[in-house]
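The values are calculated or read from the model by the stated rules, or taken from the named source; none is laboratory data. These numbers come from a predicted model, not from an experiment. In this analysis, Cβ positions are derived from the backbone assuming ideal geometry, glycine residues included, and neighbour counts consider all displayed protein chains.
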Amino acid sequence: MLATALLEAVWRDPAETLGALADEPWAIGFLSGGTDAGWSYVAAAPDATLTLAADDRRDPFAALKEMVGEPTSGAPDGPPFQGGVAGLASYDLGDRVERLGLGRLDDWPDLACGRYPSVLAFDHRRRRSIAVGRGADPAAARRAAETALAWLALPARQAAPPAADLSPDDPAVYEAAVAEVVGRIHAGEIFQANIARRWRGRLAQGAAPADVLANLAARSPAPFASYLRLPGRAVVSNSPERFLRVVPCDGRLTAETQPIKGTAPRGRSEAEDRALAEALAASPKDRAENLMIVDLMRNDLARVCSAGSVRTPELFRLVSFANVHHLVSTVTGLLAPGRTAVDLLQASFPPGSITGAPKVQAMKVISQLEPPRGPFFGAMFQLGFDGMLDSSVLIRTAGFVQEGDRPGATWRVEARAGAGIVADSDPRQERQETESKISAMAAALGAA
């Protein structure tokens, strides 16, 4: 049984706090932004790490269970995440579930995570910061909390303009891929597939991924933004989409997923913006696209939930972000006795909203039309010592690779944006949708 210590402190902006730690290997952050911001988290200095490369044949889900250990409750009045395992599940982790022979991108790991006994939690609604410590006894837990508390005093990062020279893949190639998927749908091979487009470039000398993170937090806050610094690599995500959440309650585990499907750009005037939102909410194409993924996620949850417990309490809710409107639905369930959050992750990975339906065949089509995905369209996750899980879909995401290990080495950057392709998709409109989705990330990268 792990002891828990909570030390309440004055409020500090979580993005600023994360920026101060961002160059530390295994620094990680989950930033809740926007009008409904709830809890944000910043952590560093894990006491254990796990990295699984493509040729490492260990069972990743068994390794996660071993790393987090048997569930042990935290403080009942504490934040939802009170320490545990957190990190990156790349899209290609799905190859460990379905064995499709997926390629790999630039040697990105399938799984990279740390176990964090020290965490800073930020309660946006009450404007308070809480240092959380977990340890074998109360003294060890307090020391871990004091480690987290010290991060609040770190000086703010001196940001540099990213000024990335970002270039997209050929739009004609993307439109041809969309047309091919439409043809496969009409031929009966699949019902839907999410096809992504790629942008690549370099940050300016002296700029780092943390500078992109700071720009996003200031200009375009998202509910499921996240950051992870690995040795020589980093992930910056401005995701609007929750993947899976598991909440311990009265000895049982409740599960939830909130897939996003259906997109429209924001308008240039209030009237145009309202018209675009109303058209999206009423669009038969976008509602059908969303419903396909809802059905897929219901099936995924049903694999590990008690019979009859899977429900869809919300369909096609309109949610507006800085650069797009989306349709969001909610699926819930009650995990069957003996099942854990890791079992749910395995049953549902990769996210249905960025694969398609049927999932396995859509993944095969994607692998034929796209380069390997690596971190893109995977998930960032928190797996708590108490059995909780929260995770995001890695859309609106940039991946960074440092060019060499010398001081001041520049960073290569790649970002992707996809669109759900259905029977009546228009290639040009789908390509334009990817441009709307990438716009906030491109602005944060300082791209022309």
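In this structure, residue 292 qualifies as in contact (Cβ under 8 Å) with a residue 40 or more places away in the chain and out of contact with any Ser or Thr (no Cβ under 9 Å at 6 or more places or on another chain).
If you check residue 106 against the conditions, is it within 21 Å of residue 237 (Cα to Cα), in contact (Cβ under 8 Å) with a residue 24 or more places away in the chain, acidic (Asp, Glu) and surrounded by 16 or more Cβ atoms within 10 Å (Cβ to Cβ)? Against the criterion (within 21 Å of residue 237 (Cα to Cα), in contact (Cβ under 8 Å) with a residue 24 or more places away in the chain, acidic (Asp, Glu) and surrounded by 16 or more Cβ atoms within 10 Å (Cβ to Cβ)), residue 106 does not qualify.
Name every residue in the stretch 66-94 that is of a type outside the set (Phe, Trp, Tyr), closer than 30 Å to residue 367 by Cα and not in a strand (DSSP E or B), in order of residue number. First the steps, then the outcome.
Filtering the stretch 66-94 for residues of a type outside the set (Phe, Trp, Tyr) gives 66-80, 82-90, 92-94.
Checking the rest, the ones that are also closer than 30 Å to residue 367 by Cα come to 85-90, 92-94.
Residues satisfying the conditions are 90, 92, 93, 94.
Quick check: anything in the stretch 130-147 in contact with a Phe, Trp or Tyr (Cβ under 7 Å, 6 or more places away or on another chain) and either farther than 30 Å from residue 338 by Cβ or at pLDDT 95 or above (or both)? Yes, the stretch 130-147 contains a residue that is in contact with a Phe, Trp or Tyr (Cβ under 7 Å, 6 or more places away or on another chain) and either farther than 30 Å from residue 338 by Cβ or at pLDDT 95 or above (or both). The set of residues in the stretch 39-70 being loosely packed, with under 15 Cβ neighbours inside 10 Å, in contact (Cβ under 8 Å) with a residue 60 or more places away in the chain and touching a strand residue (DSSP E or B) at 6+ places or on another chain (Cβ under 8 Å) consists of 47, 48.
Filtering 347, 362 for residues that are surrounded by 22 or more Cβ atoms within 10 Å (Cβ to Cβ) and not in a loop (DSSP other than H, G, I, E, B) leaves a single hit, 362.
Scanning the stretch 383-417 for residues that are modelled with pLDDT under 95 and of a type in the set (Phe, Trp, Tyr) yields no hits at all. Applying a threshold of 7 Å to beta carbon distances and a minimum spacing of six or more residues, or different chains, the list of pairs starting in the stretch 220-242 at a residue that is touching a residue at least 40 places away in the same chain (Cβ under 8 Å) and ending at one that is surrounded by fewer than 23 Cβ atoms within 10 Å (Cβ to Cβ) and of a type in the set (Val, Ile, Thr) reads 232/401; 233/401.
Being out of contact with any strand residue (DSSP E or B) (no Cβ under 8 Å at 6 or more places or on another chain) and under 14 Å from residue 265 (Cα atoms) is the filter here; which residues of the stretch 412-431 pass it? Working first, answer last.
Narrowing the stretch 412-431 to residues out of contact with any strand residue (DSSP E or B) (no Cβ under 8 Å at 6 or more places or on another chain): 423-424, 426-429.
Matches in the stretch 412-431: 429 only.
Per-residue answers, yes or no, for (1) within 25 Å of the chain's Cα centre (by Cα); (2) surrounded by 21 or more Cβ atoms within 10 Å (Cβ to Cβ); (3) not in a loop (DSSP other than H, G, I, E, B):
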{"position": "262", "(1), (2), (3)": "yes, yes, yes"}
{"position": "275", "(1), (2), (3)": "no, no, yes"}
{"position": "286", "(1), (2), (3)": "yes, yes, yes"}
{"position": "290", "(1), (2), (3)": "yes, yes, yes"}
{"position": "296", "(1), (2), (3)": "yes, yes, yes"}
{"position": "301", "(1), (2), (3)": "yes, yes, yes"}
{"position": "317", "(1), (2), (3)": "yes, no, yes"}
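Criterion first (under 16 Å from the mean Cα position of the chain (by Cα) and among the β-branched types (Val, Ile, Thr)) does residue 395 satisfy it? Yes, satisfied.
In the stretch 171-199, the residues that are surrounded by fewer than 19 Cβ atoms within 10 Å (Cβ to Cβ) form Cβ pairs under 9 Å with partners that are assigned to a helix (DSSP H, G or I) and acidic (Asp, Glu), at six or more places apart or across chains, as follows: 171/435; 175/430.
Name the single residue that is surrounded by the fewest Cβ atoms within 10 Å (Cβ to Cβ) among those in the stretch 238-260 being outside any strand (DSSP E or B) and of a type in the set (Asp, Glu). Even if it seems obvious, please write down each step before you answer.
Here is the first cut: in the stretch 238-260, the ones outside any strand (DSSP E or B) are 240-241, 250-251, 258-259.
Adding the requirement that they be of a type in the set (Asp, Glu) leaves 241, 250.
Numbers: 241: 26, 250: 5.
Residue satisfying both the conditions and the ranking: 250.
Scanning the stretch 255-294 for residues that are touching a Gly at 6+ places or on another chain (Cβ under 9 Å) and of a type in the set (D, E, K, R) yields a total of 8. Out of curiosity, is residue 145 touching a residue at least 12 places away in the same chain (Cβ under 8 Å), outside any loop (DSSP other than H, G, I, E, B) and among the hydrophobic types (A, V, I, L, M, F, W, C)? Judged against the criteria, residue 145 is a match.
With respect to residue 85, is the statement that it is buried (at least 22 other Cβ atoms within 10 Å of the Cβ) and not small (Gly, Ala, Ser) true? Yes.
Filter the stretch 118-128 down to residues that are buried (at least 24 other Cβ atoms within 10 Å of the Cβ) and either over 27 Å from residue 67 (Cβ atoms) or touching a Leu at 6+ places or on another chain (Cβ under 8 Å) (or both), then give me how many there are. Talk me through it step by step, then tell me what you get.
Going residue by residue through the stretch 118-128, those that are buried (at least 24 other Cβ atoms within 10 Å of the Cβ) are 118-122.
If we keep only those that are either over 27 Å from residue 67 (Cβ atoms) or touching a Leu at 6+ places or on another chain (Cβ under 8 Å) (or both) as well, we get 120.
Selection size over the stretch 118-128: 1.
Take the residues of the stretch 370-425 that are part of a strand (DSSP E or B) and basic (Lys, Arg): which is nearest to residue 90 (Cα to Cα)? Steps first, please.
We begin by selecting, within the stretch 370-425, every residue part of a strand (DSSP E or B); these are 379-384, 389-393, 397-402, 411-421.
Now drop any that are not basic (Lys, Arg), which leaves 412, 416.
Values: 412: 18, 416: 14 Å.
So the residue we want is 416.
Residue selection: residue 436 satisfies the criterion of being among the hydroxyl-bearing types (Ser, Thr, Tyr), closer than 29 Å to residue 211 by Cα and not in a strand (DSSP E or B). Of all residues in the stretch 227-237, exactly one satisfies the criterion of being crowded, with 24+ Cβ neighbours inside 10 Å and among the basic types (Lys, Arg), namely 229.
Among residues of the stretch 322-332 being farther than 17 Å from residue 354 by Cβ and not hydroxyl-bearing (Ser, Thr, Tyr), the one that is surrounded by the most Cβ atoms within 10 Å (Cβ to Cβ) is 325.
For the stretch 208-224, indicate whether the set of residues that are crowded, with 21+ Cβ neighbours inside 10 Å, touching a strand residue (DSSP E or B) at 6+ places or on another chain (Cβ under 6 Å), assigned to a strand (DSSP E or B) and not β-branched (Val, Ile, Thr) is non-empty. Within the stretch 208-224, one or more residues are crowded, with 21+ Cβ neighbours inside 10 Å, touching a strand residue (DSSP E or B) at 6+ places or on another chain (Cβ under 6 Å), assigned to a strand (DSSP E or B) and not β-branched (Val, Ile, Thr).
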